[in-house]
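*Asks:* Sending over a structure as structure tokens; questions will come in a sec.
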Amino acid sequence: MPESQCCDITGVLPEVQQRCLEIALVFKKFCEDNDLLFYLCGGGCIGAVRHQGFVPWDDDLDVFMPRPDYERLCVLWPQQMDESRYRLTRSSEDQFDRSQLTAITDEETTFVKERQMDLDIPHGIRLEVLPLDGCPENRLLRAEQLFWGLVFQVFNNQEPPTSKGKLLEWVGRAMLAIFPGWKSRYRVACLAERRMSRYSFSESSLVTELCVRFNYMKNEYPRAWFESAVEMPFCDTMLPVPVGYEEYLTKVFGDYRQLPPRERQVPAHDAVLVDPHRGYREYRGDAYPVKR
């Protein structure tokens, strides 16, 4: 996509962050009501620890959930919540999202990402939810888990891996060619997700994140870091981080308390259109296509 189609969201970033925080607080209340464990991860966790709020240039929040809590969330949210405002969205047999994540989207806002601009899906500002899975200590079983994680990624995103060498890219293209069409690919993705997530979170000494890019899939963490959450100040409220946040952030980001170079202090997502005040459906057929 030509660079000119991306927009500069700097001017509306404070409003985007405020919307993200509003979603997070609705999500937190829901999790408390249903005894579900979650904690900020990635940049949101860094923001809580280093800034007591958002990383100043961040444009979203992500959270981890243990796999059992994650699956309960996906069942309970549509049953209990009025999704006319905050909607749970994930890939399904009838909806291709080009995303491995589950998201809670604010239906009264717009955030069309570059990689999803050709899809007729929910395009609101969102909270993204990533499951944590048990990780086998046996190296052969771990290699098998990573294989299924890659299969899940290829079939869920309908894209071959392009950053891991020509051989894997060719293998990915060949696998996709065997299963043409989203519905057949979705069934393979579901099989892969069941295989990669079959190790119990509560019975494993290690946990891992698999609904992510491969460089993060390789991460392995002691389960003790994620067995519970601690509340930390975040803007004018409190949000949970993993009890082992110091070890987690250091392992993944190194000296995370040190600010990155100024040229890297920019929003992470290439956005085609952002509007914190108007719902994405108002832009349907313009910023993104109508499903046919």
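*Asks:* Over 25 Å from S99 (Cα atoms), exposed (fewer than 15 other Cβ atoms within 10 Å of the Cβ) and free of Cβ contacts under 8 Å to residues at least 60 places away in the same chain: is that true of T162 in this structure?
*Replies:* no
*Asks:* Mind checking which pairs have a first residue in segment 83-97 that is closer than 14 Å to I23 by Cα and free of Cβ contacts under 8 Å to residues at least 60 places away in the same chain and a second that is open to solvent by less than 30 Å² (accessible area, probe 1.4 Å) and among the aromatic types (F, W, Y), Cβ under 8 Å, 6 or more apart or different chains?
*Replies:* That search, which allows pairs on different chains as well, returns E83/W77; L88/W77.
*Asks:* Can I ask one more? Quick check on L140: is it over 30 Å from E83 (Cβ atoms), among the aliphatic types (A, V, I, L, M), open to solvent by less than 20 Å² (accessible area, probe 1.4 Å) and without any contact (Cβ under 8 Å) to a residue 40 or more places away in the chain?
*Replies:* no
*Asks:* Further question: Give me the pairs, please: first residue somewhere in segment 22-34 and small (G, A, S), second residue anywhere and surrounded by fewer than 16 Cβ atoms within 10 Å (Cβ to Cβ) and not in a helix (DSSP H, G or I), beta-carbon distance under 9 Å, and either six or more positions apart or on two chains.
*Replies:* Matching pairs, first to second residue: A24/T237.
*Asks:* Whether any residue in segment 203-224 is under 24 Å from I104 (Cβ atoms), more than 20 Å from the chain's Cα centre (by Cα) and aliphatic (A, V, I, L, M) is what I want to check.
*Replies:* The answer is no, given that none of the residues of segment 203-224 is under 24 Å from I104 (Cβ atoms), more than 20 Å from the chain's Cα centre (by Cα) and aliphatic (A, V, I, L, M).
*Asks:* Please find, within segment 265-292, the residue that is most open to solvent (accessible area, probe 1.4 Å) out of those that are farther than 18 Å from Q17 by Cβ and basic (K, R).
*Replies:* Among those that are farther than 18 Å from Q17 by Cβ and basic (K, R), it is R292.
*Asks:* Against the condition buried (at least 20 other Cβ atoms within 10 Å of the Cβ), touching a residue at least 24 places away in the same chain (Cβ under 8 Å) and within 22 Å of K291 (Cβ to Cβ), how does D133 come out, does it pass?
*Replies:* On the way: buried (at least 20 other Cβ atoms within 10 Å of the Cβ): yes; touching a residue at least 24 places away in the same chain (Cβ under 8 Å): yes; within 22 Å of K291 (Cβ to Cβ): no.
So D133 fails the test.
*Asks:* Then there is this: Filter segment 197-225 down to residues that are farther than 11 Å from Q100 by Cβ and in contact with a Leu (Cβ under 6 Å, 6 or more places away or on another chain), then give me how many there are.
*Replies:* The total comes to 2.
*Asks:* Quick check on segment 273-291. Is at least one of its residues assigned to a strand (DSSP E or B), over 20 Å from G42 (Cα atoms) and hydrophobic (A, V, I, L, M, F, W, C)? Please lay out each step first, then the result.
*Replies:* Pass one, segment 273-291, residues assigned to a strand (DSSP E or B): 273-275, 284, 288.
Pick out the ones that are also over 20 Å from G42 (Cα atoms) and you get 273-275, 284, 288.
The next check asks that each one be hydrophobic (A, V, I, L, M, F, W, C); those that pass are 273-274.
For segment 273-291, residues assigned to a strand (DSSP E or B), over 20 Å from G42 (Cα atoms) and hydrophobic (A, V, I, L, M, F, W, C): present.
*Asks:* Can you tell me which residues in segment 1-21 are open to solvent by 60 Å² or more (accessible area, probe 1.4 Å), modelled with pLDDT under 95 and either among the acidic types (D, E) or not in a helix (DSSP H, G or I) (or both)?
*Replies:* M1, P2, E3, D8
*Asks:* Report every pair of residues separated by at least 6 positions or lying on different chains whose Cβ atoms are under 6 Å apart, first residue within segment 192-221 and basic (K, R), second buried (at least 17 other Cβ atoms within 10 Å of the Cβ) and at pLDDT 95 or above.
*Replies:* So the pair list comes out as R195/W148.
*Asks:* If you don't mind, there's one more thing I want to ask. Taking R67 as the residue in question, decide whether it is in contact with a Pro (Cβ under 9 Å, 6 or more places away or on another chain) and more than 12 Å from P240 (Cα to Cα). Full working, then the answer.
*Replies:* Details: in contact with a Pro (Cβ under 9 Å, 6 or more places away or on another chain): yes; more than 12 Å from P240 (Cα to Cα): yes.
Against the criterion (in contact with a Pro (Cβ under 9 Å, 6 or more places away or on another chain) and more than 12 Å from P240 (Cα to Cα)), R67 qualifies.
*Asks:* Take G149 and decide whether it is in a helix (DSSP H, G or I), crowded, with 20+ Cβ neighbours inside 10 Å, modelled with pLDDT of 95 or more and small (G, A, S). Give the steps one after another, and end with the answer.
*Replies:* Numbers: in a helix (DSSP H, G or I): yes; crowded, with 20+ Cβ neighbours inside 10 Å: yes; modelled with pLDDT of 95 or more: yes; small (G, A, S): yes.
When the stated conditions are applied, G149 passes them.
*Asks:* Could you tell me how many of the residues in segment 212-263 are touching a strand residue (DSSP E or B) at 6+ places or on another chain (Cβ under 6 Å) and at pLDDT below 95?
*Replies:* Total satisfying the criteria: 1.
The values are calculated or read from the model by the stated rules, or taken from the named source; none is laboratory data. Predicted model only: the values in this text are computed from it and were never measured. Please note: Cβ atoms are built from the backbone with ideal geometry, for glycine as well, and neighbour counts cover all protein chains shown. Just so you know, the surface numbers come from the protein's heavy atoms only, side chains and all, with ligands and any DNA or RNA stripped out. Shrake-Rupley method; radii C 1.70, N 1.55, O 1.52, S 1.80 Å.
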